[in-house]
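> The structure's right below; bear with me while I get my questions together.
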Amino acid sequence: MVNYSRVFGSQFPSVLITPGTHKDVDDSVIHLVNQYNSYIETDNVAAAYNLYKSNENILKPYLIDMAYINYLEEEVYNTGLLALSQYQVIQSDKEPPSDLDNGTYWVQEYE
């Protein structure tokens, strides 16, 4: 049985990976994004946080935070686990997770 990671919200493979909804910055939000970036560049994190929180519904589609990055990384990890469990022979430098007990076997290249 493969133990998928569930720390950051991934439900793959029981739920398909949802496409992202982030947008490119456009004229409607450029002033807010520039102000946010200005605060960050001058190490005024409190002002950047306050600006973001007061405009969260506007800025959220335009900014990628670590929660989203961690979620994507977890989705990639779980996709890799599923892929590893689908193959009969796995050839790699490093041994795959030992919980892939479905008749697969690992082949390391001879040096």
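> Here is a list: Asn55, Asn78, Asn34, Asn44. Which entry is polar (S, T, N, Q) and modelled with pLDDT under 95?
Asn78
> What is the number of the single condition among (1) among the hydroxyl-bearing types (Ser, Thr, Tyr); (2) outside any loop (DSSP other than H, G, I, E, B); (3) open to solvent by less than 60 Å² (accessible area, probe 1.4 Å) that Ser5 does not meet?
(2)
> Right, Pro19: within 30 Å of Gln86 (Cα to Cα) and exposed (fewer than 15 other Cβ atoms within 10 Å of the Cβ) or not?
Judged against the criteria, Pro19 is a match.
> Please go through the range 23-40 and pick out each residue that is in a loop (DSSP other than H, G, I, E, B) and surrounded by 11 or more Cβ atoms within 10 Å (Cβ to Cβ). Let's see the steps before the verdict.
The first filter runs over the range 23-40 and keeps only residues in a loop (DSSP other than H, G, I, E, B), leaving 23-29.
If the condition is that a residue be in a loop (DSSP other than H, G, I, E, B) and surrounded by 11 or more Cβ atoms within 10 Å (Cβ to Cβ), then Lys23, Val25, Val29 are the ones that fit.
Results for (1) polar (S, T, N, Q); (2) more than 14 Å from Glu74 (Cα to Cα), shown as yes or no for each residue.
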site	(1), (2)
Ser5	yes, no
Phe8	no, no
Ile17	no, no
Lys23	no, yes
Asp27	no, yes
Ile30	no, yes
Glu41	no, yes
Asn44	yes, yes
Asn50	yes, yes
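The values are calculated or read from the model by the stated rules, or taken from the named source; none is laboratory data. As the structure is a computational prediction, the values presented were derived from the model and not from experiment. So basically every Cβ, Gly included, is an ideal-geometry build from the backbone, and we count neighbours across all protein chains shown. Protein only, heavy atoms only, side chains kept; ligands, DNA and RNA dropped before computing areas. Shrake-Rupley method; radii C 1.70, N 1.55, O 1.52, S 1.80 Å.
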